[in-house]
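Visitor: First the structure, which I've put down as structure tokens, then a few questions once you've had a look.
Values quoted throughout were computed directly from the atomic coordinates according to the rules given, and no laboratory measurement underlies them. Keep in mind the model is a prediction, meaning the values are calculated, not measured. Note that each Cβ is placed from the backbone with ideal geometry, even for glycine, and that neighbours are counted across all protein chains shown.
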Amino acid sequence: MDWTLPCLDEDSFKKLGVKLADYVNAGVVFSLSGNLGVGKTTLARAIISQSCNVNTDIPSPTYNLVQSYESNSNVELWHVDLYRLNSLQEVLEIGIEEALIDNCCIIEWPELIEQIIPSHSIYIQLDFQDRNSSSLSNQRMITIKTSNPIMTSFDGLYG
């Protein structure tokens with residue numbers, strides 16, 4: 001299944017995060033791809049906030065690589081940022097293989113580990129509508145692809 005959604009502003013990210021939080025469960029992987037500044041961390045924060053009832057600041061795992069949370073359904077949720085890593089071996093050292101099975105994972109910059117991400121993952125590509133602009137005011141397009149049978153429609157998400 002594939003969906004392409006406009007993401008007009010930060011509120012749109014929050015609405016999408018609320019919807020995606022419904023799918024937080026053991027073995028579910030959200031694979032977030034896109035250029036710097038496109039909103040991967042903003043979307044991850046929205047999912048975490050909703051699925052884990054976190055009302056405080058949600059830090060980016062850019063420097064410590066992994067932030068772990070307990071979801072409302074008692075599933076450990078890993079927020080992983082692979083931007084600073086250079087090899088699959090470095091990623092394996094943080095225990096990602098077990099986490100992909102036992103936990104729910106939100107992975108930013110997943111390209112380094114594509115070969116070990118389960119095929120039923122939820123792939124989310126974030127792009128600026130004007131690919132030549134990285135302006136914060138530039139609207140985004142979000143493409144969601146998955147073969148995961150738990151996913152339902154995103155029709156009417158913003159309306």
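Visitor: List every residue whose amide H lies under 5 Å from the amide H of Arg140, counting only residues 5 or more places away in sequence or on a different chain, with H placed 1.01 Å from N in the peptide plane.
Guide: Placed amide hydrogens put Cys7, Gln129 under 5 Å from Arg140.
Visitor: Whole-Hz Karplus ³J(HN,Hα) for region 90-106, in order, using 6.51 cos²θ - 1.76 cosθ + 1.60 and θ = phi - 60°, x for Gly and Pro?
Guide: My calculation for region 90-106 gives 4, 5, 4, 5, 8, x, 5, 4, 5, 4, 5, 9, 8, 10, 9, 10, 10 Hz in order.
Visitor: Would you kindly calculate the translational diffusion coefficient of the chain, applying Stokes-Einstein with the Kirkwood radius from alpha carbon pairs, for 10 °C and a viscosity of 1.306 mPa s, and quote it in µm² s⁻¹ without decimals? Provide the component values of the computation, followed by the final result.
Guide: Details: Rh = 15.7 Å.
In µm²/s, the coefficient rounds to 101.
Visitor: Ranking Val80, Val18, Val24 by Cβ neighbours within 10 Å, fewest first, what do you get? List each step's numbers first, then the result.
Guide: On the way: Val80 26, Val18 15, Val24 23.
Ordered from fewest to most neighbouring Cβ atoms within 10 Å, Val80, Val18, Val24 come out as Val18, Val24, Val80.
Visitor: Kindly work out what percent of the DSSP beta bridges joining two residues of region 9-110 are antiparallel, to the nearest 5. Before the final figure, lay out each step's value.
Guide: Numbers: 5 of 14 bridges.
Percentage antiparallel, nearest 5: 35.
Visitor: What per residue convex hull volume, in Å³, comes out for region 1-64 when only alpha-carbon positions are used? It would help to have the intermediate numbers written out before the result.
Guide: Working: hull volume 7.6 nm³, N = 64.
It comes to 119 Å³ per residue, whole-number rounded.
Visitor: Taking the beta-carbon count within 10 Å as an exposure proxy, list Leu20, Leu8, Leu112 from fewest neighbours to most.
Guide: Leu8, Leu112, Leu20
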